[in-house]
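Right, one structure below, let's go through it.
The values are calculated or read from the model by the stated rules, or taken from the named source; none is laboratory data. What you see is a predicted model, and the numbers here were worked out from it, not measured in a lab. Counting neighbours? That spans all protein chains shown, and the Cβs are built from the backbone with ideal geometry, glycine included. Just the protein is used for accessible areas: all its heavy atoms, side chains included, with ligands, DNA and RNA removed. Shrake-Rupley method; radii C 1.70, N 1.55, O 1.52, S 1.80 Å.
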Amino acid sequence: MAEEHIKQRIRQLLKEHNAVLLAHNYMRDEVQEIADITGDSLALSMQAARTAADVIVFCGVHFMAESAAILSPGKKVLLPRPDAGCPMADMVTAEALEELKARHPGVPVVTYVNSSAEVKAHSDICCTSANALTVVRSLPDSKLIFVPDRNLGRFVAKSVPDKEFIFWEGFCPTHERMTLAAVLQKKAEHPDALFICHPESAPEVSSLADHACSTSGMYDYCRTSPAKKFIIGTEAGILYKLRQENPDKEFILASPALICPNMKLTSLEDVLHSLEQMAPVITVPEDVRLRAKTALDRMLAVPRD
Ligand code: 13P
Ligand code: SF4
């Protein structure tokens, strides 16, 4: 089927099912193009919580669709590629987290949304890369456990010297494939460019950045910056909207390794197939959902900066 025809059919089915198509900023260009809403993890989870649609088609990875299912129990949440997981999320289990908690009784757990519903259910509050610092600052405690991203955790900790952190040693393999050598080479090739990276990057890389922020933060920063050239240190999917929104600016990917295989799985054909079959549906057991929702709701209640 020709691409235009697939897109038309998707739009038609979305209407028929009163469905909304959400896509993460790392999705393939053609999937972002057809989405009703694109955004970072925080924006998409807020959108999932407030949409009036009956069906949410989530173009992203498994934990994101799970968050939508947790926040919107009355809606059907479809994940066109159920095999789209997140290796970082898989690096922590609820059992292992409970063992760590037992060694630090009373210490609150801040969990990055890149985690399973089970892990969220065993946490006190969630955060995304867009609000991690605000969430951590909102806690009165002087000591906290941060899971699973060691890089985001250490990045946040630098701005909160009065708090003690216990880090989980999880990481994003895609961001960690962006080496210091690759970034230094790009900076040498483009000395007039600013380097912007995601806080999931390794510490030696993010310490070189002119600005480190979530994917949506990058759109804001690049749009409002007077600079004309940027080296981008996050997954390649972000380039689609950056280039669209800033035709007069140049964007250079910091490393060719910045491709998340899971984020690249979902095709237009998968979206169409999912809408035709109304499957695969992502569900979360009710007891887990309720406890995970408490951690997500606490995050959503923290006033934004
Ligand atoms: P954000 O969109 O929240 O910056 O997340 C990045 C990411 O790695 C999602 O998997
Ligand atoms: Fe997980 Fe990293 Fe891929 Fe995001 S980019 S889904 S954190 S592996």
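Residue 146 falls short on exactly one of the conditions (1) within 21 Å of residue 92 (Cα to Cα); (2) open to solvent by 30 Å² or more (accessible area, probe 1.4 Å), and that condition is (2). Across the range 76-103, the number of residues qualifying as surrounded by fewer than 19 Cβ atoms within 10 Å (Cβ to Cβ) and in a loop (DSSP other than H, G, I, E, B) comes to 5.
Every residue, every condition in (1) buried (at least 20 other Cβ atoms within 10 Å of the Cβ); (2) part of a helix (DSSP H, G or I), yes or no:
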{"residue": "216", "(1), (2)": "yes, yes"}
{"residue": "219", "(1), (2)": "yes, yes"}
{"residue": "222", "(1), (2)": "yes, yes"}
{"residue": "227", "(1), (2)": "no, no"}
{"residue": "230", "(1), (2)": "yes, no"}
{"residue": "238", "(1), (2)": "yes, yes"}
{"residue": "244", "(1), (2)": "no, yes"}
{"residue": "248", "(1), (2)": "no, no"}
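Mind listing whichever residues of the range 16-31 are surrounded by fewer than 20 Cβ atoms within 10 Å (Cβ to Cβ) and more than 12 Å from residue 57 (Cβ to Cβ)? Within the range 16-31, 16, 28, 29, 30 meet the criteria. Restricted to the range 107-123, and to residues that are touching a strand residue (DSSP E or B) at 6+ places or on another chain (Cβ under 9 Å) and open to solvent by 10 Å² or more (accessible area, probe 1.4 Å), which residue is nearest to ligand 1 (Cβ to nearest atom)? Only one residue fits best here, namely 114.
A count restricted to the range 38-76 and to residues that are within 13 Å of ligand 1 (Cβ to nearest atom) and not hydroxyl-bearing (Ser, Thr, Tyr) stands at 16.
Considering the range 250-262, the residues that are within 12 Å of ligand 2 (Cβ to nearest atom) and open to solvent by 10 Å² or more (accessible area, probe 1.4 Å) include one that is nearest to residue 182 (Cα to Cα), namely 257. Contact annotation: residue pairs with Cβ atoms under 7 Å, 6 or more positions apart or on different chains, pairing a residue in the range 160-185 that is farther than 15 Å from residue 260 by Cβ and open to solvent by 70 Å² or more (accessible area, probe 1.4 Å) with a partner that is more than 16 Å from ligand 1 (Cβ to nearest atom) and assigned to a loop (DSSP other than H, G, I, E, B), are 162/142; 164/142.
Checked against the criteria, residue 239 counts as within 15 Å of ligand 2 (Cβ to nearest atom) and not β-branched (Val, Ile, Thr).
Exactly one residue out of 41, 72 is more than 15 Å from ligand 2 (Cβ to nearest atom) and of a type in the set (Ser, Thr, Tyr): that is 72.
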